[in-house]
Amino acid sequence: MTKSEAKMQSSFLTVRMLQLVCFVLFSLVSVLISYFFNYTQPNPYIDEQFHIPQAAKFCKGNFFEWDHKITTLPGLYLFSIGIFKPIGLLLKYDICTVNILRSTNLICAIFNFYLIYEILKVKNISKDGIDQMSLFKILLSALNISTFPVLYFFSFLYYTDALSTSMVLLMYALNLQSKYQLSAAMGFFAVMVRQTNIIWVFYIATEIVLSDLEVFFEKMSKKNAFSKGSYLKVSQAMIKQLISRGTHKKVIGFAMVMFLFVLFIMLNQGIVVGDRSSHKPVVHVPQMFYFATFCLFFSLPYALRSLESFSKLLFSIDRSFILLLWAVAFYYIIQHNTLVHPFTLADNRHYTFYIWKRLYENIPYFRYLMIPVYVFSFYHLMRNCTFKYFFLFTTCVFLNLVPQLLLELRYFIMPFILYRLHFNINSLKWWELALEFSFNSLINIVTIYIFFTKKFYWEDSADIQRIMW
């Protein structure tokens, strides 16, 4: 073995050792936090009051008894039973306790760390491989995304978020490994956990098609074929390109999932199962503004570079005029399309209640004062994406969020993670990654501390109420 080979092997072992240490520490800390969650809040809380009794029915084999207040498909309960029921039968132990059901999401949180690391590694590897420093950055990025506060918090309660994220990430990871049919199967399971994940099935399928057409568009642009040839000839050439690359074979599984979903909507007469009164589809465009601001907030360590380039745009007449048009459009949308769900105004157990009450309602014209922040937030989103990805991503986020009346931060989890996964590892600085980890850790500590210690009661209930995302 040469010195260079020995050095490479030593570096590889160092990275592997650090991976193992991070994985073990993340798992141990998560298990410890889970213990304190169960100790502090031993009874089902908020949505758990529906999910846990429903899972208990499934445990007993009552698969056709359904709580109509639950609006998602039964993927979460089937997953929990599939994991814990065989263990329960073997040990002759009741597995449908609050603690054990919550551990479903703890398992998902640990699995998500692994999936995120693998996705980042595949996305950032080049033909020449990947160097040690990049692997370290990937590892720290994976840790940062895994501790993303909104998702991490719900890893300790029996909600659909952690499992939903796992299924979408697994679908994405398998797609990157060119295991398209398995990826589509995971897309089906993702929809079984949460119906809106059909958007991310569509996203993956569209990304496959666009990737296969990328070389085609480059060739056509060089030949100036779009101006010389007819649209019919270009379309025929495009179809030939897709067939030659076997694109139809790659996306057939995703197409089947989408077809089954359309069939489900027709039979169910809507996307929601159970009670639809609180989940009627609307057109709520400001959701995009809230999401963009959410992304800016949770990627603040990376916003400085965006701020520098954004300030230069303000001194460019042409580009500043475009920003002004954005601001005018945002003003019009805010004035005519700001909607508020009754839950946002009534439920003081969520941070959105305090954000809306103390800022949007209490401060005159606050919603308009936020327009410069919204403009910068969208610019920050665009700056961290290629045009192709930004267009596809924003289309999917629009389809996912705009029909929702309720301002619910959990709805932003999957779009934010997909956005963060597209950051170029080589462009990230060590201090930015370290600051992101510190920022996430601080928010996690504060929000978990508030949940554990801030207790209050409602007049019509003897149950302890707590504040959460």
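What follows is calculated from the coordinates using simple rules that are stated; it is not laboratory data. Given the structure is predicted, the values throughout are model-derived calculations rather than measurements. All Cβ positions, even for glycine, are placed from backbone atoms using ideal geometry, and neighbour counts span all protein chains on display.
Please list, ordered by chain and number, the residues whose modelled amide H lies under 5 Å from the amide H of residue 350; skip anything fewer than 5 residues away on the same chain.
Close amide H contacts, sequence-distant or interchain: 468.
Place a +1 charge on the Cβ of each Lys and Arg in region 330-469 and a -1 charge on the Cβ of each Asp and Glu, then give the dipole magnitude about the Cα centre in debye, rounded to the nearest 20.
The dipole of region 330-469 has a size of about 320 debye.
Pick out, in residue order, every one of the trypsin sites (Lys or Arg not before Pro) in region 110-209 that is DSSP loop and has at most 15 other C-beta atoms within 10 Å; say none if there are none.
Here the sparse-neighbourhood loop sites are 127, 179.
Which of the chymotrypsin sites (Phe, Trp or Tyr not before Pro) across region 299-338 are loop residues per DSSP, with 15 or fewer other Cβ within 10 Å?
Qualifying residues, ordered by number: 315.
Quick one: of 121/429; 123/429; 123/233; 250/280, which pairs are farther than 25 Å apart, Cα to Cα?
On the way: 121/429 17 Å; 123/429 18 Å; 123/233 34 Å; 250/280 34 Å.
From the list (121/429; 123/429; 123/233; 250/280), the Cα-Cα distance tops 25 Å for 123/233; 250/280.
Exposure proxy check: 319, 245 ranked by fewest other beta carbons within 10 Å?
Taking fewest neighbouring Cβ atoms as first place, the list is 319, 245.
Take peptides 413-419, 370-376, 258-264 and line them up by average Cβ neighbours within 10 Å, highest first, as a rough protection proxy.
By packing density, highest mean first, the sequence is 413-419, 370-376, 258-264.
Rounded, prolate or oblate: which fits the chain, taking a ≥ b ≥ c as square roots of the Cα gyration tensor eigenvalues, rounded meaning a/c under 1.5, else prolate when a/b beats b/c? Write down the numbers at each step before the final one.
Details: a/c = 1.33, a/b = 1.19, b/c = 1.12.
Because its axes are fairly even, with a/c under 1.5, the chain counts as rounded.
Considering the chain, which cysteines have no disulfide-compatible partner, defined as another cysteine with its Cβ under 4.7 Å away?
Among the cysteines of the chain, those whose Cβ sits 4.7 Å or more from every other are 22, 108, 295, 385, 396.
Taking the Cα centre of region 284-404 as origin, sum charge times position over the Cβ atoms of Lys and Arg (+1) and Asp and Glu (-1), and report the length of that vector in debye to the nearest 20.
160 debye
Which order do 361, 48 fall in if you start with the one that has the fewest other Cβ atoms within 10 Å?
361, 48
Scan around residue 73 for amide H atoms under 5 Å from its own, H built in the peptide plane at 1.01 Å from N, and keep only partners 5 or more places away or cross-chain.
Amide H to amide H, under 5 Å and 5 or more residues apart or across chains, residue 73 pairs with 195.
Arrange the following residues from fewest to most other Cβ atoms within 10 Å of their Cβ: 446, 397.
Working: 446 11, 397 25.
Going from sparsest to densest Cβ surroundings: 446, 397.
How much FRET efficiency would the formula 1/(1 + (r/R0)^6) give for residue 62 and residue 297, where r is the Cβ-Cβ distance and R0 is 30 Å, rounded to 0.05?
Efficiency, from the Cβ-Cβ distance: 0.10.
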